[in-house]
Amino acid sequence: MVEIIRKLRRPPILTSSAIPCLRHLPTINITEGCALGCSYCYIQGYSHYPGPERVILFENTAEVVRDELRRKRKRPRRVYFSPSSDAFQYLPEVQEVTFQTMSVLLEAGIEVAFLTKGFVADRFLQLFKGAPQLVFAQIGITSLDPGVWRTFEPRTGPPSQRVESIRSLRGIGIETTARLDPLIPDLTDTEANMNPLLAALREAGVTRASASFLFLRQCFADRLSAQLDGFMLAGSVLAWRYQDFVDGCGGGRMTSLEDRALRFERLSTLCGQHGIRLNACRCKNPELGGSGCLIAGPAPVPADPTAPQSLFECR
Ligand code: SF4
């Protein structure tokens, strides 16, 4: 059971993230820590990570945002949820603060962008219905396989429910893309895993997806490796090749650039066969170019290839 610690937040809230592709717009974390508990989550290495069974809930977020908007001379055009947590965690207390905060922004005519693997409850659909042009959604999903879900993302929304969220969001006119991230080489980027997933996504209306491969950090490498060994023993993959993770930055490791380039090419072809256009996450794959991963919706993410490269450097 996840413990919720309530805290009051001090302004300013509307500050940008250190994540390169989010540096240009304000971001909000409703919580510190995340109850969804993905094995590969990099926040486990943060100094303020409260641990896997605890989240710190900033319960006055909506109030502070309202106040900040009142004082600001220049209001932001768009706000992103959430760079280091998930705004749609299953905890009703978290959902309530997310709902209040998004309501304040939408009432002020400010766009809301989010990436989630959580639970987009009906009341959010009702809220978004009032201004679908102000909302940009990206749903994270890498497999329909219940074993993959239960092992690596145990408290996220079930894959079938996430596909339904895509359908519902698109159904009310919200631009919704899929995020295939993090793909685990030879486990979730295989044709056997991808074909049914891409077919389901396309059927739910997805035409654009972004992807990135597993970025291994020391804080979770051992646990994840043990879980992957479990899959290997069960015969799902021939060999888990984390020893081959050589490239990377900011203390993390990925498979080599050559290996990733091949995998992206294969995945892109597969996506194309399903009528889905694929983009690589540019923060973690700056060498591969591309127009970016739409993490916070289309513009205002710089799509200009002449944009300063530093925006996309890995940290
Ligand atoms: S949903 Fe995102 S922030 Fe939450 S545990 Fe999973 S990867 Fe981390």
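List of remarks:
- Hits in region 35-66 - residues which are part of a loop (DSSP other than H, G, I, E, B) and closer than 23 Å to Met102 by Cα: Ala35, Leu36, Glu59, Asn60
- Checked against (1) surrounded by fewer than 19 Cβ atoms within 10 Å (Cβ to Cβ); (2) at pLDDT below 90; (3) out of contact with any Pro (no Cβ under 7 Å at 6 or more places or on another chain), Ser16 meets all criteria but (3).
- Meets criteria (open to solvent by 10 Å² or more (accessible area, probe 1.4 Å), more than 16 Å from the ligand (Cβ to nearest atom) and either within 30 Å of Leu180 (Cβ to Cβ) or part of a strand (DSSP E or B) (or both)) for Ile5: yes
Residues checked against (1) touching a Phe, Trp or Tyr at 6+ places or on another chain (Cβ under 8 Å); (2) within 30 Å of Cys271 (Cα to Cα); (3) within 16 Å of the ligand (Cβ to nearest atom); (4) not hydrophobic (A, V, I, L, M, F, W, C):
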| site | (1), (2), (3), (4) |
| --- | --- |
| Phe58 | no, no, yes, no |
| Tyr80 | yes, yes, yes, yes |
| Leu91 | no, no, yes, no |
| Phe99 | yes, no, no, no |
| Leu105 | no, no, no, no |
| Pro132 | no, yes, no, yes |
| Pro159 | yes, yes, yes, yes |
| Arg162 | no, yes, yes, yes |
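- Scanning region 26-49 turns up no residue that is touching a helix residue (DSSP H, G or I) at 6+ places or on another chain (Cβ under 6 Å), more than 16 Å from the ligand (Cβ to nearest atom) and open to solvent by less than 40 Å² (accessible area, probe 1.4 Å).
The values are calculated or read from the model by the stated rules, or taken from the named source; none is laboratory data. All of these numbers come straight from a predicted model, not from anything done at the bench. Quick reminder, even Gly has a Cβ in these numbers, built from the backbone with ideal geometry, and neighbours come from all protein chains shown. Note: accessible area is taken over every heavy atom of the protein model, side chains too, but ligands, DNA and RNA are not part of it. Shrake-Rupley method; radii C 1.70, N 1.55, O 1.52, S 1.80 Å.
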